[in-house]
Each structure stands twice: as C-alpha cells, then as structure tokens.
Amino acid sequence: MSSKRSTPLPAWVAAVHATSRAFGVFAAGLIVLAIGVVCHMVFVRAVLGQSSIWQTEFVTFALVASTFLGAPYILLSRAHVCVDVVPLMLATSARRRLHFVGSIIALVFCGIFLYAALPWWWGAWTSGETTSSIWRARMWIATLSVPLGLGLLCLQYLTEIWLVLSHRALPFGLSPEDKL
C-alpha cells in the first residue's frame, strides 16, 4: 500500500463525477426498461394480435436518452472506444499535450452541439409539440436528454482537462511506464 496521501478532489469535480455516475445509472436503467418494453411489444403483437401504439416511440426515445445521458459516465470511466497506439508512442509530456488538444476539440464539438440542441428543445417546450402517433408524446420530454447529456458531457470534459493539467490524473489513464 502506498504511503502517499492523495488530496481530495475539489467539490465541483466531485459533484460532476457524482452527477455523471448518477446519469450513467439512469441511462443503464433506460436500456433495461427499453428491453422490457420491446418484450412487451412482441408479446402484444405476436401473442395477443394487437397493434403496438406507444412502444416503438418509447424505445426510440429511451435509447436516444440513454446515449446522451450516459455519455458523461462513459467519459468518466474511460469506457469509450479509444486507440492508445499514438499515446503509447509518446512521452508523458507529449501525451499531456495530445490529451489537451483532443479534449479541447471534443469539448468544442460538444459545445456547438449543445448550442444547437438548446433551441431545438426550447422550441418543443414552448410550442407544446407532440409526436404524430396516437400516443402523442410530448417532444420536450423526448428532446430534453440531448441538452442535459451534452451539458454534463461538456462539464465532464472540463473536469478531465483540469485533472490532467493539474497533474491529478494521467493523460489517457496511462502511466509513464506504459509504452509500446
């Protein structure tokens, strides 16, 4: 066991991490719920011979929501698809710079996407827009996951950047000994 004591994370970092974890759990729950709804839809259509009304839209909205709401947790846990070949070929200082540049590019992309998603959600909220199906789901509920998830993803990127720049985390999670 190491005798080196780690300093506690600032409250804002801990809050972003806790929120990302909570969103990740919620996103996983949405996926499980979507699976249950698909099973229900198959039963209603195949066994009972009835038409499905709300199931297809619900599953679509739930999977989109789980994608956006779960993205910050994926970044936090480094569970996203990552090719480590280039970082493994670089020295630690170069890894730090590569991590910074890549994270800034991703943050800018997510920020632009968030900027475009907010008016989309706001329009659905203020107009009372609903789906065209019999279910008539309110679109503001379905679209809310996009700006919420992207907003938290931007905060998670800022947290990751800060942690690496302040030397509290290793770039790409790779130690200096990790090399090709």
Margin query: Tell me the accessible surface of MET139 in square angstrom (1.4 angstrom probe, heavy atoms of protein chains only), to the nearest ten.
Written below: 30 Å²
Next item on the list: Would you grab the residues whose amide H sits under 5 Å from the one on THR130? Only those 5+ places off in sequence or on another chain, please, with H modelled 1.01 Å from N.
Entry: MET139
Margin query: About the Cα centre, and with charges only on the beta carbon of Lys, Arg (+1) and Asp, Glu (-1), how big is the dipole of the chain? Nearest 20 debye, please.
Written below: 400 debye
Next item on the list: Send over the semi-axes of the chain's equivalent ellipsoid, whole angstrom and largest first, taken as the square roots of 5 times the C-alpha gyration tensor eigenvalues.
Entry: 39, 19, 15
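The values are calculated or read from the model by the stated rules, or taken from the named source; none is laboratory data. The shown structure was predicted, so the numbers you read here are calculated from the model rather than taken from an experiment. Reconstructed Cβ throughout: ideal geometry from the backbone, glycine too, with neighbour counts over all protein chains shown. With ligands, DNA and RNA removed, areas are computed over all heavy atoms of the protein, side chains included. Shrake-Rupley method; radii C 1.70, N 1.55, O 1.52, S 1.80 Å.
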